[in-house]
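K.L.:
Encoded as structure tokens, here's the structure I'll be asking about.
The values are calculated or read from the model by the stated rules, or taken from the named source; none is laboratory data. Just so it is clear, the model here is predicted, and its values are computed rather than measured. Heads up, the Cβs are rebuilt from the backbone with ideal geometry, glycines too, and the neighbour counts pull from every protein chain shown. Quick note on the areas: whole protein, heavy atoms, side chains included, nothing else; ligands and nucleic acids left out. Shrake-Rupley method; radii C 1.70, N 1.55, O 1.52, S 1.80 Å.
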Amino acid sequence: MTNLILFYFFAGLAVLGGVLVVTMRNAVHSAVFLITSLLATAGLYLTLNAEFLFVVQIILYVGGIMVLFVFVIMLVNLDVALHQVQFNRQTWVAGLLSFALLAELLAALALARSSSTGMQLLPAPHVPAASVQGNTEQIGTLLFQNYVIPFEIASILLLVALVGAVVMGKKRI
Amino acid sequence: MLQEAYFILSNYIWQIVDGLVIVAIFPLLAGYVVLLERKVMADMQARLGPMRVGPHGLLQPLADAVKLMIKEDIIPESADRAIFWLAPVLSVFAGMLSFAAIPVGPGFLIADMNIGLLFIFAVSSMGIFGIVLGGWASNSHYSLMGALRSSAQLVSYEVAVGMAMVSGLLLAGTLSMKDIVGYQAHSGFWLVFVAPVGFVIYLVGSVAETNRAPFDLPEAESELVAGYMTEYSGFRWALYFLAEYSNMVVVGSVATTLFLGGWLRPFAGTPAFHFLDYAPPLVMLGVTGYCVYRIPKQTGWDQKFIMAIFTGICFVITVPLAAALPHPVAGWQAGVHGAFWFIAKVMAYVYVFLWARFTFPRYRFDQLMQLGWHYLIPLSIVNVMGVATAIVLHREAGWNPVVSIGVTLVVTVLAALWLVRAGERREQATLKSAA
Amino acid sequence: MDEPQNPATALPVEMPIPGADEIVLNMGPQHPSTHGVLRVKLKLDGERIEASECIIGYLHRGVEKIAEHRSYQQFAPYVDRMDYVAAVSNGLGYCEAVEKLLGAEAPPRAKVVRTILTELQRIASHLLWLGTHALDIGALTPVFYCLREREEVLKIFEKYCGARLTTHAFRIGGLQYETYDGFEHDVKRFCDDFEKKVEEYEQLLTGNRIWVGRTKGIGILTGEQAIALGVTGPPLRASGVKWDIRKAMPYAAYDQYQFDIPSGQNGDTYDRYLVRMEEMRQSRRICLQAIENIPTGPIMAKVGKVLKPPPGEVYHAIEAPKGEIGYYVVSDGTVQPYRVRVRPPSFINLQAFDTMARGHLVADVVAIIGTLDIVLGEVDR
Amino acid sequence: MIPTSHYVVVSLLLFTTGVIGVLTRRNVIIILMSIELILNAVNINLVAFSRLVGSVEGQAFAIFIITDAAAEAAVGLGIIIAFFRNRETVLADEMDILKW
Amino acid sequence: MKRFKAKFGEAVREAWLDRKQAILVVDAAKLRSICQFAREQEKFDMLTDLTAVDWPKREKRFEIVLNLYSFPKNERLRIKTHAADGEMVPSVITVWPAAGWLERECFDMFGIRFEGHAGLKRILLPDEWQGHPLRKDHDILQQDEAWVHENLGIESGQ
């Protein structure tokens, strides 16, 4: 019961935040709602017992990436930008297509639930929650044993991105 | 529904009570840190500090709070009202939320999370938004520059601070705040003696993270007026202030837990030092006695009355400390004594902050960044590697812990000296090229 | 001497429309570290200063115009209001200028007392500078120590003439007041204590890494630049020009005493700091020498009640704490000066600000303003 | 225990919102933010399914995705700054530098 | 001083000593070259002061006064020149950059225009102020009341 309330709260917040990100005129407001949405997602991870991911989401997304976003918005924020048209002319087409996509996926989900094969796919998890605790140690072991090569590749990707961002951002090299 | 509520209440009653006590005490503590700061400052500067409100200015924090609450709340015309309103709240929210994972004493904490340390780290990194958004929403050059400086500074120093924490938790082998202290109790060494370099990095980094002098660039009054707080006034300004001082208490608490043995008494495992258990009640008794001695010296009956109240408070604190004396290792007794030692350590840590503030001039922004990126971050990486090596040497190769730690420590310190030398040479070069 | 590298540095900057990375930051006139109502417009590239312009005049009171409508004695108190932290020095310059115009000379006793008070004033002025400069750079504590010692000097002034800040201590022709009982004792005690206090300030700042980092290499002014821009006082000496009017053209009783002129090599903020610290020590030395042996005798020359200097003009300059303060007095033979021109050291030193600030960061602006030691009352008059 | 389908629906909604944002907004920064929303939606799915399967591999992948998002944000914002410096705009349909 | 006479002849109108101070009166037209000479040959390397005196009854009412100082010789020299109202005086800013603000102040207070000074605008008074207060015909109580009313929103008290 409590879990369900928490879930609906976080889910509602995440979706509402997402919608507001897309609709706000001012980029800073968008960023604030994106932060809200990301925090709510972190909350969702908590309801999934993924505590480590909850922390990673906050530290990296909220404390890292979003700071970068806000920083850049402030650097490039022109008062002029606010008076420009914020949406392009393909709004209706885009909306229609997106809703078609949404409807399709929802239909697929509904079908999966009703069909017999789907029942096996998407039941409430039968594994007791305690055993799948999003444990920090488990993730660490996984990352550094099974996935050590992807992990290193990811770190190289970050390094490349770092260098690239510096090259882009610097005026004179 | 009702049953569930009852279930929650009955199961979590102690957490709730602890939470209420901690949430009530810490803002008050933050307020009294302000008074402490002003008193320490006055002492270092050969003057008296606040003396008017209450005896020795003891009621000054309350008076300040009341004054700030009834002050006019000015919102600049061109400010972004919603974000202007949100930003300080966000700051305080981030500061306060961190208290949830701080163990004041054994069993005296709100939530024992198995990711407690990371939780505090994550939540306090949200505090940046309070500053950045506040600076942006004020729509003023000074505020924006303060905000940009502050975000750059916080992001840079977070790396060093995180690495310093890693060196601690590598040793403890857990992220739970409670277990970190438990590890120190078990091993008999505070981590500051095992990873001193990490502690020093954390100390410097946490001064920068809380925007305190000599790293108070975001609010440097001689350059940016008040940085991101320039346009704030009244209660919102007070919220920012509360956030800053709560953050000080939070970083003090983290340092205490991680490096200084949390709620543990000095020499907690050594029987020869058990007489130290008598210190808390005796200290409080001494304070009470001094208060009694000061009562007749106050001018006016009202001051005498307030002094008497403070005497009473001191005495009320003394009683449980004394009552816990016979068995101060378990149960509520340990909680009370632990809280005393914990708060004492946090206050000592905060005192270092104040000391630095009144002694050092302010860094310039590029120097600050240089210190972070050229010295602290490389050093913190070396430190983490050193601590890891020590652990491997001890656990895998079976070395004596003292030897393994000593060797890696020497290497780390040598690396630090080399960094400083290289930095000095670089400075000389830039000076020469400038001239 | 070479042509100064960029004569246009003295020109006011035309502010172009800022580009994408450039912003124009307006500092002051209401800003915590502009030492009054100085307004500085900075053109920034990021946080780096590309150009600057000082906008002054917020404190203009028309002192020179007032002088033309007062008698010589009546104008004397007005000069105290220019550099209000070094009122005694201003007064000395004015009195000596008018004495020169009259062809009179103050008696020896008056000269020695004048010297002592002026040197005490120099210490007080430098102390105030040190405190505020340190405060600008972020050191909160020295200012309280400095004000504590300055208080002692002000107490001596108060005992001597009843006023602390705008003292009007001297009269044209000498002194109005005889020294009070215990004057020598007070000055001696102050000088004895002061030695240790300077040590204390030096301990707080001189070796401090942050202080050195904030001041070394900041606001460099070479000797040639300083001379070309007319900079005088400690900033000139810190640039390596060992020049002090007290030695070059002695006035009052300075020719009787031993003292050194401190000078620097790099002409940066740190050197100016060291020069001023050393100057305080030298001032103390002069005071100690002077107090040993104050000649007896009259304190006032015979100049008459109504001053009517013969027509003519005179320029007389003394070494004030901030630099050369000069008085150009033109007489037309009446009781009122025809024209009094004050050569304000702060005004001309401030002109060098742009040269010093270019290429530095915003944070250095406060260090440079502080190191110039300007007093807006004198800049604007 | 909340059924996995709940999470999938939330993830779908977020995903669609992100797609709409990418397709309709002109401000590149907001487009980037919408991409973050999409990535986030994927993360929710991964974590939900990881619980369903009973292993933490999904969480590990979510961490990789967050890393990727960080790299993307850094480079993307770097490009935006460089572009803004030259053209003083952050609008996507004015980023026609190739046909310039 | 004699060397100045020898070099510039007629342009140096008068030269005398008053209370041990050397004073030269020169032609405004030759001011810049004389200053150049003073700085380069005679080593008067610092311009300590530049100011003006208003003599309304004279034919050329403004007397511009330059106070020079020589570090090598430890000597002061005063160079004077005259200008009528509205007449241009050559600026010495190319000789001594220190003249920048001093000439601006002269312009502000007396209305003397300096030729060759790029940024000649008011320095102590506001840019829109009317009148030049240090002229003798400017009364001590007189001020730009319109400006005060407009910018400060108060009635001038005088």
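K.L.:
Criterion first (open to solvent by 10 Å² or more (accessible area, probe 1.4 Å), on the phi > 0 side of the Ramachandran plot and away from chain E (no Cβ under 14 Å)) does C:GLY240 satisfy it?
P.N.:
Considered against the rule, which asks whether it is open to solvent by 10 Å² or more (accessible area, probe 1.4 Å), on the phi > 0 side of the Ramachandran plot and away from chain E (no Cβ under 14 Å), C:GLY240 comes out as no.
K.L.:
Give the stretch D:29-83 a look and list any residue that's hydroxyl-bearing (Ser, Thr, Tyr) and farther than 14 Å from A:TYR45 by Cα, or say none.
P.N.:
Result: D:SER34, D:SER55, D:THR67.
K.L.:
Mind checking whether some residue in the stretch A:4-22 is more than 20 Å from D:LEU91 (Cα to Cα), within 9 Å of chain D (Cβ to nearest Cβ) and either touching a strand residue (DSSP E or B) at 6+ places or on another chain (Cβ under 6 Å) or not in a helix (DSSP H, G or I) (or both)?
P.N.:
The answer is no; no qualifying residue exists.
K.L.:
Looking at (1) touching a Pro at 6+ places or on another chain (Cβ under 7 Å); (2) at pLDDT below 80; (3) in the same structural domain as E:VAL25 (by TED's automatic domain parsing), which is the only condition E:GLU87 fails?
P.N.:
(1)
K.L.:
Applying the selection to the stretch B:122-160, what residues are open to solvent by 20 Å² or more (accessible area, probe 1.4 Å) and hydroxyl-bearing (Ser, Thr, Tyr)?
P.N.:
Within the stretch B:122-160, B:SER124, B:SER140, B:TYR142 meet the criteria.
K.L.:
Only one residue in B:ARG395, B:ARG364 is at pLDDT below 85, of a type in the set (Lys, Arg) and under 26 Å from C:ASP136 (Cα atoms). Which one?
P.N.:
Exactly one residue qualifies, and that residue is B:ARG364.
K.L.:
Consider B:LEU242 carefully, then state whether it is assigned by TED's automatic domain parsing to the domain that holds B:PHE215 and aliphatic (A, V, I, L, M).
P.N.:
For B:LEU242, the condition - assigned by TED's automatic domain parsing to the domain that holds B:PHE215 and aliphatic (A, V, I, L, M) - is met.
K.L.:
B:PHE119 passes all but one of (1) surrounded by fewer than 19 Cβ atoms within 10 Å (Cβ to Cβ); (2) within 14 Å of chain A (Cβ to nearest Cβ); which number fails?
P.N.:
Only one criterion in (1) surrounded by fewer than 19 Cβ atoms within 10 Å (Cβ to Cβ); (2) within 14 Å of chain A (Cβ to nearest Cβ) is unmet by B:PHE119, namely (1).
K.L.:
Is there a residue being under 17 Å from C:GLY359 (Cα atoms) and in contact with a helix residue (DSSP H, G or I) (Cβ under 9 Å, 6 or more places away or on another chain) anywhere in the stretch C:70-77?
P.N.:
No, the stretch C:70-77 contains no residue that is under 17 Å from C:GLY359 (Cα atoms) and in contact with a helix residue (DSSP H, G or I) (Cβ under 9 Å, 6 or more places away or on another chain).
K.L.:
Which one is farthest from the chain's Cα centre (by Cα), of the residues in the stretch C:168-227 that are hydrophobic (A, V, I, L, M, F, W, C) and within 14 Å of chain B (Cβ to nearest Cβ)?
P.N.:
C:ILE210
Here is a yes/no grid of residues against (1) open to solvent by 10 Å² or more (accessible area, probe 1.4 Å); (2) without any contact (Cβ under 8 Å) to a residue 40 or more places away in the chain; (3) within 24 Å of C:THR115 (Cα to Cα):
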{"residue": "C:GLU292", "(1), (2), (3)": "yes, yes, yes"}
{"residue": "C:LYS305", "(1), (2), (3)": "yes, yes, no"}
{"residue": "C:PRO321", "(1), (2), (3)": "no, no, yes"}
{"residue": "C:ARG339", "(1), (2), (3)": "no, no, no"}
{"residue": "C:ARG343", "(1), (2), (3)": "no, yes, yes"}
{"residue": "C:ARG358", "(1), (2), (3)": "yes, no, no"}
{"residue": "C:ASP364", "(1), (2), (3)": "no, no, no"}
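K.L.:
Now for a different question. Give me the residue from the stretch D:79-97 that is open to solvent by less than 20 Å² (accessible area, probe 1.4 Å) and among the aliphatic types (A, V, I, L, M) and, out of that set, modelled with the lowest pLDDT.
P.N.:
D:VAL90
K.L.:
Hey, can you tell me all the residues within the stretch E:25-59 that are under 23 Å from E:LEU134 (Cβ atoms) and touching a Lys or Arg at 6+ places or on another chain (Cβ under 8 Å)?
P.N.:
E:VAL25, E:VAL26, E:THR48, E:ASP49, E:THR51, E:VAL53, E:ASP54, E:TRP55, E:PRO56
K.L.:
Right, something else. Tell me which of these C:GLU313 doesn't satisfy, since it passes every other one: (1) within 24 Å of the chain's Cα centre (by Cα); (2) charged (D, E, K, R); (3) closer than 30 Å to E:ALA22 by Cα; (4) within 13 Å of chain E (Cβ to nearest Cβ).
P.N.:
(1)
K.L.:
Please specify each residue of the stretch C:275-333 satisfying the condition of being touching a His at 6+ places or on another chain (Cβ under 6 Å) and among the acidic types (Asp, Glu).
P.N.:
Selection gives nothing.
K.L.:
Oh, and also: With respect to the numbered conditions (1) closer than 23 Å to B:LEU148 by Cα; (2) in a helix (DSSP H, G or I); (3) open to solvent by 30 Å² or more (accessible area, probe 1.4 Å), which one is the sole condition not fulfilled by B:GLU231?
P.N.:
The single condition B:GLU231 does not satisfy is (2).
K.L.:
With (1) over 29 Å from E:ILE79 (Cβ atoms); (2) at pLDDT 85 or above as the list, and C:PRO337 as the residue in question, which single condition is left unmet?
P.N.:
The number of the failed condition is (1).
K.L.:
Does C:GLY267 satisfy the condition of being open to solvent by 10 Å² or more (accessible area, probe 1.4 Å) and more than 30 Å from C:THR179 (Cα to Cα)?
P.N.:
no
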